[in-house]
Amino acid sequence: MAEAIARHVAADLMEVESAGTSPLGFVAPETLATLQENGIRAEGHYSKGIDDVKMYFAPEIVVNMSGRRLNGRFDGAELLEWEIEDPFGDDTTTYEKVYAEIEKKVKALADELEKGKLR
């Protein structure tokens, strides 16, 4: 969800890739529905792991929403820890709440990037 939101609201400021510490192997239908309800198309998004992304992407900033330690998996990158509830398996209301939290944090991050407060 975060990747799609960031691409939608801040594509001019950030190049984003999402990856999980334990990817499901699919994007939850509720995630796709929530994005669509908020005017975001998510075609082409798929579930991938950190190692999949690291082969092609050396991030300057990593946003960790897993609640797990990344143990140096992204050496040299600035690490931001966002405490975001995982909505998987929950109801539509939870997905909407999580969407709103992520959107707010992505917009704040974009603002910091625009002002030069982060790389």
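The values are calculated or read from the model by the stated rules, or taken from the named source; none is laboratory data. The model shown is predicted, which means the values in this text are computed figures rather than measured ones. Cβ sites come from the backbone with ideal geometry, for glycine too, and all protein chains shown count toward neighbours.
Scanning region 49-72 for residues that are in a loop (DSSP other than H, G, I, E, B), surrounded by 15 or more Cβ atoms within 10 Å (Cβ to Cβ) and either of a type outside the set (A, V, I, L, M) or touching a Leu at 6+ places or on another chain (Cβ under 8 Å) (or both) gives 59, 66. So which residues in region 1-39 are under 20 Å from residue 91 (Cβ atoms), in contact (Cβ under 8 Å) with a residue 24 or more places away in the chain and in a loop (DSSP other than H, G, I, E, B)? Selection gives 1, 24, 28, 38. The set of residues in region 1-25 being of a type in the set (A, V, I, L, M, F, W, C), within 15 Å of residue 87 (Cβ to Cβ) and either surrounded by fewer than 17 Cβ atoms within 10 Å (Cβ to Cβ) or touching a strand residue (DSSP E or B) at 6+ places or on another chain (Cβ under 8 Å) (or both) consists of 2, 24. Within region 46-105, the set of residues being over 27 Å from residue 33 (Cβ atoms), of a type in the set (Phe, Trp, Tyr) and in contact with a Lys or Arg (Cβ under 7 Å, 6 or more places away or on another chain) is empty.
Name the residue that is surrounded by the fewest Cβ atoms within 10 Å (Cβ to Cβ), counting only residues in region 73-91 that are within 19 Å of residue 23 (Cα to Cα) and more than 16 Å from the chain's Cα centre (by Cα).
Initial filter on region 73-91 (within 19 Å of residue 23 (Cα to Cα)): 73-74, 81-90.
Imposing the further condition that a residue be more than 16 Å from the chain's Cα centre (by Cα) reduces the set to 73, 89-90.
Values: 73: 15, 89: 8, 90: 14.
Residue satisfying both the conditions and the ranking: 89.
Within region 84-119, being touching a residue at least 12 places away in the same chain (Cβ under 8 Å), part of a loop (DSSP other than H, G, I, E, B), within 20 Å of residue 9 (Cα to Cα) and out of contact with any helix residue (DSSP H, G or I) (no Cβ under 7 Å at 6 or more places or on another chain) holds for one residue alone: 119. Restricting to region 26-46, name every residue that is at pLDDT below 90, surrounded by 12 or more Cβ atoms within 10 Å (Cβ to Cβ) and more than 25 Å from residue 80 (Cα to Cα). Correct list: 41 only. Of all residues in region 40-54, those satisfying the criterion of being of a type in the set (Gly, Ala, Ser) and either touching a residue at least 40 places away in the same chain (Cβ under 8 Å) or closer than 23 Å to residue 69 by Cα (or both) are 47, 49.
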